[in-house]
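The values are calculated or read from the model by the stated rules, or taken from the named source; none is laboratory data. This one's a predicted model, so the numbers in the text were calculated from it and none came from an experiment. Note that we place each Cβ from the backbone using ideal geometry, even for glycine, and neighbour counts take in every protein chain shown. The area values use the complete protein model at the heavy-atom level, side chains included, leaving out ligands, DNA and RNA. Shrake-Rupley method; radii C 1.70, N 1.55, O 1.52, S 1.80 Å.
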Amino acid sequence: MKRVIVHQAFLNVSYKEAEQSLVAMEQGDAIFRPSSKGPDHLTVTWKVTDDIHQHIDILEKDKPNAFSLGKSLWIGEEEYEDLDEILARFIHPMAQLARELHAYKCYRAADGGDVNKLIKMLAEEKKNHPSRIPYYFSASKQLPGKYVLSYQPANKPKIEYFTLTPDGYRYRTIIHSDINSLLKYFKEHYREPPPRPVMPGSVQPTPTTSMIMTPGSLLGGIQPYTPSQSVHRWSTTPQYGYQQLYSGQQSAQASWVTPAYTPTQPIGTPVQTPGRTPHYVATMPQVPHQASFSRGRGQHKGRGGSAPWKQPAGGGRRSRKQ
C-alpha cells in the first residue's frame, strides 16, 4: 500500500527497489518505505556496506489515517517523534560505528563474513605466526547489523557475533561504546564461554525443541534439534524472552549454535536481525604462555594500541565483568 509521507528519505518502493537505490548512495544512508506488515508499520533500510543492507521495522501509533505517518514511532522499546529523529538517534550512530570497524586494520570483508573464508585466513595467519592469536572483524551478510568476530587461540578457530546498536557494539550482552572497549573486553574474556543471562524473576529454564546451526546450514538448511539428542549442552534464557541452547556438538572445524527462536518478517520483507547472537562453542584449548594477539599483516598501532597483547601469565582466567 502506498503511503502519503512527505520526507526526503521516504520512497514508495519495495525492499528490492530500496536496495537498488542505495547502491549509488553512501555508506550509512537510509530509505524509509512502506512495510509488508501493514499500514501501521514502516521499514527503514540502511546501507551497512556496499552489498549489505539492514531492514528495520518501525511501529506507528496515533495515526490520523491509514496513509499518513503516525505521531509516535517505535523501534523495539524506544520511541521516536518523527523520521528525522530515527535518522539522528538510531541510524547515524550505528553507521558511524560501522565505519570505525571498516577502517580498523583487522577488518576483513571476506565476502560478507563468509565463515569458511575466515577459517582459511585464520589458519594461514596462525601458521605464519604460531605464537600469536589472529582475529578479524567482518560484516555479516547473512545477519545484517551483526559482525563476525573470528579468532584462533590454538588449533581450532572460534567464531562469535556481535551487534551494532545506537549506543555501541553489543558483545556477550555488554554494550561497548568504541572499538578499544570492545577489544579490551574480548582479549580479557575470550577463554570464557558466552554468558548465560536469565530474565529477572525467571525460574530454571526447561529444555525445549531448538535448532542447531552447522557450517552447511549457513549456506541453506537447518537441522532440527530436540533435547533427547545426546550432545553436551547447557541452556539459557536470554533477556529477550526466548530460550537458547549452546551445544558442544562438533563439526569439521568448530561447533555452531543458533538461537532457539529467530524473529522474521512476513513474505516480501527480508529476515530481520535476531535479538540474540549465535556463537561457535567448543572446549577452549589451553593456549601457550607466550601467545599474543596478532594485529594482522602490516603490524602497526591501532587506536590506543601499543605492543601486541600477551595472555595472562600461567594461563589463568580473569574475572568477568558483571
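Structure notes:
- Residues that are in a strand (DSSP E or B), in contact with a Ser or Thr (Cβ under 9 Å, 6 or more places away or on another chain) and farther than 30 Å from ALA24 by Cβ within segment 50-78 comprise just one, LYS61.
- Single condition LEU59 does not satisfy, out of (1) of a type in the set (A, V, I, L, M, F, W, C); (2) crowded, with 18+ Cβ neighbours inside 10 Å; (3) free of Cβ contacts under 8 Å to residues at least 24 places away in the same chain: (2)
- Subset of segment 153-177 that is small (Gly, Ala, Ser) and at negative phi - its residue that is surrounded by the most Cβ atoms within 10 Å (Cβ to Cβ): ALA154
- Among the residues of segment 79-104, the one identified as of a type outside the set (A, V, I, L, M), assigned to a helix (DSSP H, G or I) and in contact with a Lys or Arg (Cβ under 9 Å, 6 or more places away or on another chain) is GLU100.
- Look at (1) at pLDDT 95 or above; (2) in contact with a helix residue (DSSP H, G or I) (Cβ under 8 Å, 6 or more places away or on another chain); (3) surrounded by 18 or more Cβ atoms within 10 Å (Cβ to Cβ) and you find that LEU69 fails only one, number (1).
- Apart from one condition, GLY113 fits all of (1) in contact with a helix residue (DSSP H, G or I) (Cβ under 6 Å, 6 or more places away or on another chain); (2) crowded, with 22+ Cβ neighbours inside 10 Å; the exception is (1).
- Filter pass, ASP84 being at pLDDT 95 or above and surrounded by fewer than 16 Cβ atoms within 10 Å (Cβ to Cβ): yes
- Whichever residue in segment 13-50 is in contact (Cβ under 8 Å) with a residue 60 or more places away in the chain and touching an Asp or Glu at 6+ places or on another chain (Cβ under 9 Å) and, among such residues, is least open to solvent (accessible area, probe 1.4 Å): THR43
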